[in-house]
1. Checking the condition over 26 Å from PRO218 (Cβ atoms) and not aliphatic (A, V, I, L, M), which residue from ARG74, ARG99 passes?
2. Name the residue that is nearest to VAL98 (Cα to Cα), counting only residues in the stretch 213-264 that are touching a Gly at 6+ places or on another chain (Cβ under 8 Å) and among the polar types (S, T, N, Q).
3. Any chance you could count how many residues in the stretch 250-281 are without any contact (Cβ under 8 Å) to a residue 60 or more places away in the chain and touching a His at 6+ places or on another chain (Cβ under 7 Å)?
4. Which of the following residues is over 16 Å from the mean Cα position of the chain (by Cα), within 29 Å of ALA52 (Cα to Cα) and crowded, with 17+ Cβ neighbours inside 10 Å: GLU268, GLU264, GLU179?
Amino acid sequence: MTGPRDSSRRTVHVNGIDLNVVVAGSGPAVLLVHGFPDSLEVWRKQIPVLAAAGYTVIAPDLRGCGLSDAPAQRSAYRAERLVADLLGLLDTLNVAEVRLVGHDWGAVIGWLFCCAHPERVDRYVALSVGHPGAYVHGSLEQKLKGWYVLFLQFPVVAERLLRARGWWMFRKLVRYPDEAQRWIANLSRPGRLTAAINYYRANLALLLRRDWPPVRVPVMGVWSDGDLFLVESQMLDSRRLVEGPFRYERVGHANHWLQLTAAERVNELLLDYLSSPPTSS
């Protein structure tokens with residue numbers, strides 16, 4: 001795919017909804033998929049760097065997030081629909097194959113996309129979240145770190161508690177004051193907090209599935225040592241669920257949002273991996 005040299009924001013109609021998408025640069029396509037509670041803005045330190053390095057960068061606001069449409073139904077956020085959104089986006093933009101990068105829920109969607117459509121993925125970079133099979137079979141420590149997943153299952157109650165006292169509980173949950181106000185501004189819009197939480201409510205069954213298939217594309221897993229929500233082992237154990245080259249990188253002194261708190265190191269890893277023949281390490 002070729003695209004504009006300068007970043008352009010556009011609306012793409014996919015699967016009955018409008019997605020807000022930024023496209024920047026020209027060259028091989030790199031698709032950046034954000035997670036919770038983010039929008040495409042979480043990639044603001046990667047988009048210009050990758051575009052300048054000779055890639056066409058495609059960064060959507062996922063459904064329910066940022067400036068994209070937010071369907072009200074919980075079922076609208078099931079994993080298969082999220083995967084279908086990415087496929088529809090690539091088809092609409094006439095992109096045959098991408099270098100895929102996902103973070104948090106975007107990483108989960110990325111793993112599922114690789115399982116379902118390996119022919120569309122040249123290679124995959126999973127930030128923070130390992131293969132769903134490695135997460136499901138993870139340690140007790142990982143299960144304890146994921147306590148909030150159960151808390152978010154309670155409609156109305158979770159929303160009220162997260163918003164109460166100036167979003168005090170939300171701030172305590174994410175523990176990232178530098179981004180908290182940006183997230184709160186987005187989630188304060190009508191229906192947006194519930195839409196974001198619906199990623200967890202519509203996909204709880206993913207945590208119960210035991211028969212996860214392997215991924216058949218090259219993968220680089222990246223985990224940060226300051227991640228309060230995910231343990232290192234769930235990324236390391238992903239190696240056994242990748243039938244192809246698997247590379248692991250550990251980023252120091254960064255929280256869960258490593259593309260912001262360790263942007264220089266993450267960009268260095270992305271530029272190296274996206275341009276080199278994938279090898280195991």
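Just so it is clear, none of the values below were taken in a lab; they were calculated from the coordinates. Keep in mind it's a predicted model, so treat the numbers as computed, not measured. Ideal geometry is used to build each Cβ from the backbone, glycine not excepted, and the neighbour counts take in all protein chains shown.
1. Details: ARG99 fails: over 26 Å from PRO218 (Cβ atoms).
Matching residue, one of ARG74, ARG99: ARG74.
2. SER238
3. Number satisfying all stated conditions: 1.
4. Numbers: GLU268 fails: crowded, with 17+ Cβ neighbours inside 10 Å; GLU264 fails: crowded, with 17+ Cβ neighbours inside 10 Å.
The unique qualifying residue is GLU179.
Rundown of residues vs (1) in a loop (DSSP other than H, G, I, E, B); (2) more than 16 Å from the chain's Cα centre (by Cα), yes/no style:
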{"position": "ILE184", "(1), (2)": "no, yes"}
{"position": "THR194", "(1), (2)": "no, yes"}
{"position": "ASN198", "(1), (2)": "no, no"}
{"position": "ARG209", "(1), (2)": "yes, yes"}
{"position": "PRO213", "(1), (2)": "yes, yes"}
{"position": "VAL217", "(1), (2)": "yes, yes"}
{"position": "VAL222", "(1), (2)": "no, no"}
{"position": "GLY226", "(1), (2)": "yes, yes"}
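Condition check ((1) under 23 Å from TRP167 (Cα atoms); (2) touching a helix residue (DSSP H, G or I) at 6+ places or on another chain (Cβ under 9 Å); (3) buried (at least 21 other Cβ atoms within 10 Å of the Cβ)) across all residues:
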residue: PRO190; (1), (2), (3): yes, no, no
residue: THR194; (1), (2), (3): yes, yes, no
residue: ARG210; (1), (2), (3): no, yes, no
residue: VAL217; (1), (2), (3): no, yes, yes
residue: SER233; (1), (2), (3): no, yes, no
